[in-house]
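Each remark here refers to the structure printed beneath this line.
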Amino acid sequence: QFTFTEMGGKGGKGSGTRRDRGFVGNANAVPLGSRPAEPQQVAVEWWDAIILRDGKYFSGPGGESPGPSSAEAREIEVIPSKITSYVEHPVPIDPPNEKPEPPPQPLKLTKVERKKLRTQRRQAREKEKQEMIMQGLLEPPKPKVKISNLVRVLGEDATQDPTKIEKEVRRQMQERQQAHDDRNLSAGV
């Protein structure tokens, strides 16, 4: 906190009174500091300077540029050899003081719409997978043999050595369960 004295002496935590540090008048006013100079008016734009003979648009007596409405103005003297059929496109530069426009907000979907999109994406992914299998680019998945569908999937092979087949089916089931648990662990579920 600052304390103010009539004589301008030190007070409070600051290095001096507000008046000593440049505050004059209203105690709530903030000093602006030195103001930047007004931007200079450019006599010739950079893209025109290349083709102008004198480096000026209009030449008047004494070397000043009187402007197009002056009686002393002549025609603009251009170097014709510098003019070509090509167009120069300078790289656009973002203005330094303007913030970029924020990206558009994503559309809020209802619960039903989200479920519908998720289903459609899943069906499209499965359809692509089936097409790749039909074209021979992917190997078709092995049938998921369980104890309950053992005879249906393996057919006659299951009847020849049922103990061996059951042991193999249980091993496959254990592998699938282990792969499932590993996926869940890696996903952090």
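The values are calculated or read from the model by the stated rules, or taken from the named source; none is laboratory data. These numbers come from a predicted model, not from an experiment. Cβ coordinates were reconstructed from backbone atoms using ideal geometry, including for glycine residues, and neighbour counts include every protein chain displayed. Heavy atoms of the whole protein, side chains included, go into the accessibility calculation; ligands, DNA and RNA do not. Shrake-Rupley method; radii C 1.70, N 1.55, O 1.52, S 1.80 Å.
Could you please give the count of residues in segment 135-156 that are of a type in the set (D, E, K, R), over 53 Å from the mean Cα position of the chain (by Cα) and either under 30 Å from residue 125 (Cα atoms) or open to solvent by less than 80 Å² (accessible area, probe 1.4 Å) (or both)?
Number satisfying all stated conditions: 1.
Quick check on this structure: which one of 101, 64 is acidic (Asp, Glu) and at pLDDT 75 or above?
Being acidic (Asp, Glu) and at pLDDT 75 or above holds for just one of 101, 64, which is 101.
Within segment 84-102, does at least one residue satisfy the condition of being more than 30 Å from residue 46 (Cβ to Cβ) and either exposed (fewer than 10 other Cβ atoms within 10 Å of the Cβ) or more than 32 Å from the chain's Cα centre (by Cα) (or both)?
Yes: segment 84-102 contains one or more residues that are more than 30 Å from residue 46 (Cβ to Cβ) and either exposed (fewer than 10 other Cβ atoms within 10 Å of the Cβ) or more than 32 Å from the chain's Cα centre (by Cα) (or both).
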Taking into account only those residues within segment 157-166 that are modelled with pLDDT of 85 or more and over 17 Å from residue 143 (Cβ atoms), which is least open to solvent (accessible area, probe 1.4 Å)?
163
So residue 185 clears everything in (1) of a type in the set (A, V, I, L, M); (2) open to solvent by 70 Å² or more (accessible area, probe 1.4 Å); (3) at pLDDT below 90 except one condition, right? Which one?
(3)
